[in-house]
1. Specify the residue that is nearest to residue 203 (Cα to Cα); the eligible residues are those in region 226-242 that are assigned to a strand (DSSP E or B) and either near the ligand (Cβ under 9 Å from one of its atoms) or of a type in the set (A, V, I, L, M, F, W, C) (or both).
2. Do we find a residue being within 16 Å of the ligand (Cβ to nearest atom) and surrounded by fewer than 14 Cβ atoms within 10 Å (Cβ to Cβ) anywhere in region 35-54?
3. Taking region 96-137 only, how many residues are near the ligand (Cβ under 9 Å from one of its atoms), among the small types (Gly, Ala, Ser) and closer than 21 Å to residue 75 by Cβ?
4. Given region 297-397, what helices (runs of 4 or more DSSP H) lie entirely inside it while holding 3 or more residues that are at negative phi and touching a Leu at 6+ places or on another chain (Cβ under 9 Å)?
5. Surrounded by fewer than 20 Cβ atoms within 10 Å (Cβ to Cβ), part of a helix (DSSP H, G or I) and in contact with a helix residue (DSSP H, G or I) (Cβ under 8 Å, 6 or more places away or on another chain) - does that describe any residue in region 206-225?
6. Somewhere in region 230-240, is a residue over 24 Å from residue 92 (Cβ atoms) and surrounded by 24 or more Cβ atoms within 10 Å (Cβ to Cβ)?
7. Would you pick out the residues in region 277-302 that are surrounded by 19 or more Cβ atoms within 10 Å (Cβ to Cβ) and within 21 Å of residue 85 (Cβ to Cβ)?
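Nothing in this text is a laboratory measurement; each read-out follows from the coordinates by a stated rule. Every value quoted in this text rests on a predicted model; they were computed, and no experiment measured them. All Cβ positions, even for glycine, are placed from backbone atoms using ideal geometry, and neighbour counts span all protein chains on display.
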Amino acid sequence: MFQNVRYYPGDPILGLIDKYNVDPNPNKVNLGVGVYYDNEGRLPILECVKTVEKQLAQQNIPHNYLPMDGLAGYRQACQNLLFGTQHEAVQSGRIATIASLGGSGALRVGAEFIHQWFPRANIYVSNPTWGNHISIFEGAGFTVKKYPYYDPATNGLKIEELKQFLQQLDAGNIILLHPCCHNPTGIDPTASEWDELLTIIKEKKLIPFMDFAYQGLGDDLEQDTYAIRKAVDLGFCLYISNSFSKNMSLYGERVGALSVVCPNQEQAKIVQSQLKFIIRRFYSSPPGHGNYIVDQVLNNADLFNQWQQEVTEMRERIHAMRFRLHEVLQSSVPGRDFSFLTKQRGMFSFTGLNSEQVARLQSEFSIYIVENGRMCIAGLNTKNIDYVAEAMAKVLT
Ligand code: KET
């Protein structure tokens, strides 16, 4: 009966973990998946999370079902974090927010909702984007199209081409945007470019879906919300998926949220009800542990400050690794410009290495980066960085 079932060859990002795990080379380096490791190469458990987990262990909270849309305190804290506690949209109750299974779950529930209620909408994603954006939206029945974004010639944004492209789109289509730390390129629009882009998106009556997986790893937790808050201030109705996988190091707990900004409280209630219905049919209700952790970290001033500090440490360590990699490469490969390394933001660097060079890094040096040349800078540390830089220099020359 399974004769016609085709084999799924695996994901280009997650598949690298399996290959890395079985590699016997003691010098192997995992720079594939977007996971932050500390300078010792360990996956950190944040101090704020440890504190809450100790409290939770003492509280012995029974493992009841959560509501379909997650813990109320968690959902409110997400809104405060994304939009600001005092924001009119938060205060007036016109945002529908559901807890989701990571950022991926938020994207999938959002995709389902849009496809169900706006079946003629297409979605446009940046060229390039996180590969799973395409899979998730196609999986929900969408036709996924691409908008111009990255210019390899300048290692920057194709801003003029992008503006012209948006101008010719039909109203009602969805534009998937990365509010900060674009994956995979690390190239973000500036504040004034966001203003221009959002103005066109508004004029053309397009609908933004902002995927916010790296809050805090660009400038800081607050500044990274620029595009989201600007869009709300411009009067948009929009979708936002966010995730605590990276910025709270809660990858395996699957904690995220989907927020839908509506024109008024009444519509937000209706949207919330439909999102709950989607969840009921998909998986009924979310797991509790991550909701409890994030609820307590975000709703306690001391723990929130501690979290903010820990996010700053992660961001600054990644930054230091960018500068070190730049320094070593600049001196070992003279005549080549590596300034992109320090310009790009977030966890990743889009190295410009071609697939052959990426394959050589893997086969000759046991260094694992994504086939498209994306390197997770957050996997570098003071012990492996020179080895990686020298290997890169060898495959480049
Ligand atoms: N959005 C983006 C842009 C993103 O890079 C990821 C994960 C997610 C959403 C999903 O977040 P989560 O909360 O884990 O569901 N990206 C890394 C991991 C992966 O591919 O799944 C990555 O790009 O390596």
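1. It comes out as 238.
2. Yes - at least one qualifying residue is present in region 35-54.
3. 6
4. Result: 301-332, 355-365, 385-396.
5. Checked against the condition, which is being surrounded by fewer than 20 Cβ atoms within 10 Å (Cβ to Cβ), part of a helix (DSSP H, G or I) and in contact with a helix residue (DSSP H, G or I) (Cβ under 8 Å, 6 or more places away or on another chain), region 206-225 yields no hits at all.
6. no
7. Once the filter is applied, which keeps residues that are surrounded by 19 or more Cβ atoms within 10 Å (Cβ to Cβ) and within 21 Å of residue 85 (Cβ to Cβ), region 277-302 yields 291, 292, 293, 294, 295, 296, 297, 298.
Condition check ((1) part of a helix (DSSP H, G or I); (2) crowded, with 21+ Cβ neighbours inside 10 Å) across all residues:
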position: 77; (1), (2): yes, yes
position: 98; (1), (2): no, yes
position: 106; (1), (2): yes, yes
position: 109; (1), (2): yes, yes
position: 126; (1), (2): no, yes
position: 129; (1), (2): no, yes
position: 138; (1), (2): yes, no
